[in-house]
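The structure under discussion appears below in the form of structure tokens.
The values are calculated or read from the model by the stated rules, or taken from the named source; none is laboratory data. Computed from a prediction, not measured in an experiment: that's the story for all the values here. Reconstructed Cβ throughout: ideal geometry from the backbone, glycine too, with neighbour counts over all protein chains shown.
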Amino acid sequence: MTIFSKSFLIAGIFLLFNCLANAQGYSRQQIIDDLSYLKSRMELFHPKIHLYNPEFNTKAESVLREARDNMTRLEGFQLVSKLASLGNEGHYGLGEWHDSVHMGFLNNTYRYLPLGIYVLDGRIYVKSNVSNDTTMQKGAEIHSINGLPATAILDRLRACLPTDGEIPGSFYNRLTQGFSWLYYFYVEQPETFEIAYTPYRETTRRTITIDALTRRRQMENQSNEKQDEAPGGQTIDDLYTFEIQDGTGWLNLKSFSWQLVEQFKVDAKKLYGGIFKELYEKSIQTLVIDLRDNYGGRNELAEDMLPFILKQNQKGIYRTSISWRGKKQELKLPKRHKQAFNGKIYVLVNAGTFSSAASLARYLREYTDAIIIGSEACSRFEGFVAGSKQAVNLPNLNIRVFIPRYLSLFPPSSKQQTSNRGLMPDHLISYSIDELLENVDKERAYVEDLLKQD
């Protein structure tokens, strides 16, 4: 037997094992045992889990009642996801890409919906089409898939995705990132999709049937469309950019990722020290801080800016951290830096502003006179659970769930009184499908208009 034959045989055996594992029937008691174990771990490791979802126990029991005999691993995973979503927290992790539930995407045994989408105000639009039939173009509105209305599809997905509070943009943002594989997990796994849609800028509904495709085939179709695009490695610009243009400082904080921070050896204190020193020495009186699509990461990239934005020295607690063990740490406001910024600050946020990036947006609102522009940030304004995560392995389904273990609580705000919502901008920006397709930057245009008026 040749090496190629052996490799092919091993791969075939692995794929067969993976399919059989996902098709395996689990008893109702096995599913209940796993769900009960997860519930107990959530109550143990998720600090004050009832704070943002007082009905956690009642709703969790409702999920357990959905368990039945002969459930597949994928059906069990759906109930696991529903239970985790009751944590009302976007930092939960559901499985890993190399586990038995997800691996089918990577090894091309799963055939799934070959579309990317936008969700705007509860309506689904085509962002990209990598199917074998490109008749349905970008911007088309999807009304139903295999007879299931768009509203029903969104309801099914919403029940399974952990997000912060009641922030619509957070849910829609998650769907834009991975609608096709989320549809596979939580809606259906058909071989074909009959889609009722209205073409972009038309009024007559049409129907198209497209095949489910493997990840490899979708990537091949995508590369055929984008032959001129070559992948590039990450640079420091993926973390941040800063420039002074026509008397205005433009600081784009794209990510607080610990991987990028370590890769480029970025020290937050030195980074901000250099930026605000330059602003001070050049007497710059206007600063724009862009936090859009910054999913957070290292806390120091939010907190180490505080000395440079405080209007005056003041006492108080800016954040309280409570661990899963109940240990409390109160973080006091730092001393104002001698080169702290005294000018006008504009802050850009959107539904991709999450975790520590949302914390920084809050600090800029609370401790400066910053003008916030964009859409609702996707971390809860009054606090959220993040930090290190506890990996919990469910013994029967053999699925790992990652539970955040540190609660960040912010002091009461005099500038925004909300519950279970994200930071609300002073100037709300919304997009039409036309503007999304044309890559219009409305927040940038809006702040540029404000600068002209200053």
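Which one is farthest from A150 (Cα to Cα) among residues in region 173-226 that are of a type in the set (D, E) and in contact (Cβ under 8 Å) with a residue 60 or more places away in the chain? Full working, then the answer.
Of all residues in region 173-226, those of a type in the set (D, E) come to 188, 191, 194, 202, 211, 220, 225.
Then drop every residue that is not in contact (Cβ under 8 Å) with a residue 60 or more places away in the chain, which leaves 191, 211, 225.
On the way: E191: 19, D211: 19, E225: 27 Å.
Step by step, filter region 173-226, then rank; the result is E225.
Would you please name the residue that is surrounded by the most Cβ atoms within 10 Å (Cβ to Cβ), looking only at residues in region 239-259 that are modelled with pLDDT of 95 or more and charged (D, E, K, R)?
Ranking the candidates gives K254 first.
Tell me whether region 131-146 contains one or more residues that are out of contact with any Gly (no Cβ under 6 Å at 6 or more places or on another chain), modelled with pLDDT under 95 and not basic (K, R). Step through it out loud before you land on a result.
The initial filter retains those residues of region 131-146 that are out of contact with any Gly (no Cβ under 6 Å at 6 or more places or on another chain), namely 131-146.
Checking the rest, the ones that are also modelled with pLDDT under 95 come to 134.
Within this subset, residues satisfying the condition of being not basic (K, R) are 134.
Yes, region 131-146 has at least one match.
Kindly provide the set of residues from region 125-157 that are more than 20 Å from D434 (Cβ to Cβ), in contact (Cβ under 8 Å) with a residue 40 or more places away in the chain and charged (D, E, K, R), ordered by number.
D133 - this is the single residue of region 125-157 that is more than 20 Å from D434 (Cβ to Cβ), in contact (Cβ under 8 Å) with a residue 40 or more places away in the chain and charged (D, E, K, R).
Take the residues in region 341-367 that are over 22 Å from R298 (Cα atoms) and not aromatic (F, W, Y), then tell me which one is surrounded by the most Cβ atoms within 10 Å (Cβ to Cβ). Step through it out loud before you land on a result.
Step one: list which residues in region 341-367 are over 22 Å from R298 (Cα atoms), which gives 341-346.
Still in the running and not aromatic (F, W, Y): 342-345.
Working: N342: 11, G343: 15, K344: 17, I345: 19.
Taking the candidates together, the pick is I345.
Can you tell me how many residues in region 384-424 are in a strand (DSSP E or B) and either closer than 26 Å to G95 by Cβ or in contact with a Cys (Cβ under 6 Å, 6 or more places away or on another chain) (or both)? Walk me through how you get there before you give the answer.
In the first step, residues of region 384-424 are kept if they are in a strand (DSSP E or B); the result is 384-394, 399-409, 422.
With either closer than 26 Å to G95 by Cβ or in contact with a Cys (Cβ under 6 Å, 6 or more places away or on another chain) (or both) added as a condition, the list becomes 384-394, 399-408, 422.
The total comes to 22.
Which residues, taken from region 150-183, are more than 14 Å from the chain's Cα centre (by Cα) and among the β-branched types (V, I, T)?
T151, I153, listed by residue number.
Look through N132, N146 and report the one residue that is in contact with a helix residue (DSSP H, G or I) (Cβ under 8 Å, 6 or more places away or on another chain) and either farther than 29 Å from Q30 by Cβ or surrounded by fewer than 18 Cβ atoms within 10 Å (Cβ to Cβ) (or both). Please lay out each step first, then the result.
Values: N146 fails: in contact with a helix residue (DSSP H, G or I) (Cβ under 8 Å, 6 or more places away or on another chain).
The conditions single out N132.
Kindly establish whether Y446 is part of a helix (DSSP H, G or I) and either in contact with a His (Cβ under 8 Å, 6 or more places away or on another chain) or modelled with pLDDT under 95 (or both). Quick ask: steps written out before the conclusion?
Details: part of a helix (DSSP H, G or I): yes; either in contact with a His (Cβ under 8 Å, 6 or more places away or on another chain) or modelled with pLDDT under 95 (or both): yes.
Yes, satisfied.
Among all residue pairs at least 6 apart or on different chains, which show Cβ distances below 9 Å where the first residue, located in region 429-454, is in contact (Cβ under 8 Å) with a residue 40 or more places away in the chain and within 19 Å of K127 (Cα to Cα) and the second is among the acidic types (D, E) and surrounded by 11 or more Cβ atoms within 10 Å (Cβ to Cβ)?
I433/E141
Just need a number here: residues in region 40-58 that are of a type outside the set (A, V, I, L, M, F, W, C) and part of a helix (DSSP H, G or I).
First, pick out the residues of region 40-58 that are of a type outside the set (A, V, I, L, M, F, W, C): 40-41, 43, 46-48, 50, 52-55, 57-58.
After this cut, where a residue has to be part of a helix (DSSP H, G or I) as well, the list is 40-41, 43, 57-58.
Number satisfying all stated conditions: 5.
Of all the residues that make up region 268-298, how many are within 25 Å of the chain's Cα centre (by Cα), in a loop (DSSP other than H, G, I, E, B) and surrounded by fewer than 21 Cβ atoms within 10 Å (Cβ to Cβ)?
Restricting attention to region 268-298, the residues satisfying the condition of being within 25 Å of the chain's Cα centre (by Cα) are 268, 288-298.
After this cut, where a residue has to be in a loop (DSSP other than H, G, I, E, B) as well, the list is 291-296, 298.
If we keep only those that are surrounded by fewer than 21 Cβ atoms within 10 Å (Cβ to Cβ) as well, we get 293, 295, 298.
Count: 3.
Of the conditions (1) out of contact with any Phe, Trp or Tyr (no Cβ under 8 Å at 6 or more places or on another chain); (2) outside any helix (DSSP H, G or I); (3) modelled with pLDDT of 95 or more, T151 fails just one. Which one is it?
The failed condition is (2).
For D155, indicate whether it is under 18 Å from L83 (Cα atoms), in contact with a Gly (Cβ under 8 Å, 6 or more places away or on another chain) and of a type in the set (D, E, K, R). Before the answer, list the steps.
Working: under 18 Å from L83 (Cα atoms): yes; in contact with a Gly (Cβ under 8 Å, 6 or more places away or on another chain): no; of a type in the set (D, E, K, R): yes.
In short, no.
For region 3-58, how many residues are at pLDDT below 90, surrounded by fewer than 17 Cβ atoms within 10 Å (Cβ to Cβ) and either within 30 Å of R380 (Cα to Cα) or not hydroxyl-bearing (S, T, Y) (or both)?
To start, the set of residues in region 3-58 that are at pLDDT below 90 comprises 3-24.
Next cut, surrounded by fewer than 17 Cβ atoms within 10 Å (Cβ to Cβ) only: 3-17, 19-21, 23-24.
Imposing the further condition that a residue be either within 30 Å of R380 (Cα to Cα) or not hydroxyl-bearing (S, T, Y) (or both) reduces the set to 3-4, 6, 8-17, 19-21, 23-24.
Here the count works out to 18.
Can you find even one residue in region 276-291 that is within 30 Å of Q137 (Cα to Cα) and modelled with pLDDT of 95 or more?
No, the conditions are met nowhere in region 276-291.
Quick one: in region 75-122, which of the residues that are in a loop (DSSP other than H, G, I, E, B) and small (G, A, S) is farthest from R405 (Cα to Cα)?
Our first condition is that a residue be in a loop (DSSP other than H, G, I, E, B); within region 75-122, this holds for 86-92, 95-102, 107-111, 113-114, 121-122.
Adding the requirement that they be small (G, A, S) leaves 87, 90, 95, 100, 122.
Details: G87: 12, G90: 13, G95: 17, S100: 25, G122: 32 Å.
This residue is G122.
Kindly indicate the residue of region 368-383 that is farther than 25 Å from P404 by Cα and either hydrophobic (A, V, I, L, M, F, W, C) or free of Cβ contacts under 8 Å to residues at least 24 places away in the same chain (or both) and also surrounded by the fewest Cβ atoms within 10 Å (Cβ to Cβ) among those meeting that condition.
Initially, region 368-383 is screened for residues farther than 25 Å from P404 by Cα, giving 368-375.
Among the residues that remain, those that are also either hydrophobic (A, V, I, L, M, F, W, C) or free of Cβ contacts under 8 Å to residues at least 24 places away in the same chain (or both) are: 370-373.
Values: A370: 19, I371: 17, I372: 23, I373: 24.
That would be I371.
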